[in-house]
Structure formats: structure tokens, C-alpha cells
Amino acid sequence: MVSDPVPPSRSLADLARLVRHLGDELASYRRRALSAEARLKALDERAANGGTTLERSFELERENAELISRLDKARQRTKVLLNRVRFLRQQHDGVL
């Protein structure tokens, strides 16, 4: 079975549609690239003015994780001490 050839006018219309679509995509990529460049420039300026750099952000995240870990350990120790105090109070109340 042989398919009918596509008329040249329809082929040109399809090609024009594809070219417009490609142009729209390129414009979208350009906007995104310009936006990313502007954000990068702002980050560089902030870092140059004493702001937070990426390296400092990682350091702060590491410190935050360490502090969270220390808080969890302190909570656990506090619970153990609280349970001991409750036990001692029960023992004391039972003697009286």
C-alpha cells in the first residue's frame, strides 16, 4: 500500500509550525539562561560583599546537623534522668 504524497503547501505549513515551535523553545532557553546568569551574578556579588558563599552554606549545614544530633542525645539523656527521678520518687513515696 502506497501512501499519498503530502501536498507541498501542507509540508511548508508543517515546516513553518516546527520552526515557530523551535523559535519559541530557543526563546524560553534564552530567558532561563539569562535568569540563571543573573542569579549567579547576584550570588557572586553577595559573596564579595561578605555574604554567604556556597562553601559557607555547606559548613553551616554540617554544623546544623551536628547540633541536631547533640540535641537528640541531650533529649535522650534527659529522658533517662527523668525516669530515674520518677523511680526514686516512687521509692521514696513507698517508704513513707
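Once you've got the GNM for the chain with C-alpha springs shorter than 10 Å, pick whichever of LEU12, LEU22, LEU67 has the biggest mean-square fluctuation. In the Gaussian network model the winner is LEU12.
The long axis of helix 8-48 is offset from the longest Cα principal axis of the chain by roughly 40 degrees. Relative to the longest principal axis of the Cα atoms of the chain, helix 54-95 runs at roughly 30 degrees. Computed over neighbours whose Cβ is under 14 Å from that of LYS73, the net charge equals +2, Lys and Arg +1, Asp and Glu -1.
The convex hull of the Cα atoms of the chain, projected and averaged over all directions, covers 18.3 nm². Within the listed set LEU60, LEU43, LEU18, the residue fluctuating most in the Gaussian network model of the chain (springs between alpha-carbon atoms under 10 angstrom) is LEU18. With each label modelled as a point 7 angstrom along the Cα→C-beta vector, the VAL95-GLU45 pair spans 7.2 nm. Comparing ASP44, ASP24, ASP14 in a Gaussian network model of the chain where C-alpha atoms under 10 Å apart are linked, the largest mean-square fluctuation is found at ASP14.
Read-outs throughout are calculated quantities, based only on the coordinates presented, and are distinct from any laboratory measurement. This is a predicted model, so every value here is computed, not measured. Because the Cβ atoms are built from the backbone with ideal geometry, glycine has one as well, and the counts that use them run over all protein chains shown.
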